[in-house]
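Novice: For reference, the structure I am asking about is given below.
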Amino acid sequence: MIWLDLETRSTVDVTERGVYALIEDPDLQIISMHWAFDDEEPQHWRGIFAGSVHAPNIMAAPPKELFARIAKGEQIGIWNEAFDRLVWNAIAARKTITGMPFIDLDQTVDYAAVARAHNLPGKLETAAAVWLPSHMQKLGNAQFKPLWSTKSPLLPEALGLYLPMREYGDHDIIAMRAMAGIMLAPDDRLLTDYRVAERSNRRGICVDLEWGRK
């Protein structure tokens, strides 16, 4: 299992316009990429911190092992899967990151959907605060407003947030993986229902425009 989390930056406010508008934004960027293989320690990749003097030791090259395992179809656990998958594939389509593969819906598990099926909160922060010990809970994010700001270009002082952002993103992996560990594994029916719904969302609904104009 690959556990994956993306932190992103865009001129589109996803809370107001949704992820489909966000992925069409030409200014969409990955702030940082966080992942873990099975029970291993979380890892991270630079995103917009590339070349920053505030982060001289971060992984400069794209994460080849992560890309290779995704390309082979390994299962990926994500909290709010649709957001990360759609953003990931939008960035992959732009071919700005060497070797970045596409993520297939069928290789993902949305643990937010699994949480809702358990009658738990669908928001990771809320679920973790209720069900996990304090050292595993999601960290606060107020300090990252300069990174998530819609201002363009990115302000130089925001790049100094690399170290706390690395900790924040890595801790999301820890919280998600811990939440997955206290829930039952999703069955085929739940996964099928979720994937059918996601394909329907992506396709949209058919509207008889001729009838509607009458």
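Novice: So is Ala82 under 15 Å from Glu7 (Cα atoms), at pLDDT 85 or above and not in a strand (DSSP E or B) or not?
Specialist: On the way: under 15 Å from Glu7 (Cα atoms): yes; at pLDDT 85 or above: yes; not in a strand (DSSP E or B): yes.
Yes: the conditions hold for Ala82.
Novice: Within region 119-174, can you find the residues that are in contact with a Ser or Thr (Cβ under 7 Å, 6 or more places away or on another chain) and open to solvent by 60 Å² or more (accessible area, probe 1.4 Å)?
Specialist: Within region 119-174, Thr150, Ser152, Arg166 meet the criteria.
Novice: Another one. Taking Val19 and the conditions (1) touching a Phe, Trp or Tyr at 6+ places or on another chain (Cβ under 7 Å); (2) at pLDDT below 95; (3) aliphatic (A, V, I, L, M); (4) open to solvent by less than 10 Å² (accessible area, probe 1.4 Å), which numbered condition does it fall short on, given that it satisfies the others?
Specialist: The single condition Val19 does not satisfy is (4).
Novice: Any idea which of Arg202, Arg116 is closer than 23 Å to Arg85 by Cα, open to solvent by 50 Å² or more (accessible area, probe 1.4 Å) and touching a Gly at 6+ places or on another chain (Cβ under 7 Å)? Steps first, please.
Specialist: Working: Arg202 fails: touching a Gly at 6+ places or on another chain (Cβ under 7 Å).
It is Arg116.
Novice: Return a yes/no flag: does region 27-38 have any residue that is at pLDDT 90 or above, part of a loop (DSSP other than H, G, I, E, B) and within 30 Å of Gly181 (Cβ to Cβ).
Specialist: yes
Novice: What pairs can you find where one residue is in region 178-198 and surrounded by 12 or more Cβ atoms within 10 Å (Cβ to Cβ), the other is among the β-branched types (Val, Ile, Thr), and their Cβ atoms are less than 8 Å apart, with a gap of 6+ or different chains?
Specialist: Between residues of region 178-198 that are surrounded by 12 or more Cβ atoms within 10 Å (Cβ to Cβ) and residues that are among the β-branched types (Val, Ile, Thr), the close pairs are Ala180/Val114; Met183/Val114; Pro186/Val109; Pro186/Val114; Leu190/Val114; Leu191/Val109.
Novice: Any residue that is acidic (Asp, Glu), surrounded by fewer than 17 Cβ atoms within 10 Å (Cβ to Cβ), in a helix (DSSP H, G or I) and modelled with pLDDT of 95 or more - is there at least one of those in region 56-66?
Specialist: Yes, region 56-66 has at least one match.
The values are calculated or read from the model by the stated rules, or taken from the named source; none is laboratory data. What you are looking at is a predicted structure, and each value in this text was computed from that prediction instead of being measured. Note: ideal-geometry Cβ built from the backbone for every residue, glycine included; neighbour counts use all protein chains shown. These accessible areas exclude ligands, DNA and RNA; they are computed on the full protein's heavy atoms, side chains included. Shrake-Rupley method; radii C 1.70, N 1.55, O 1.52, S 1.80 Å.
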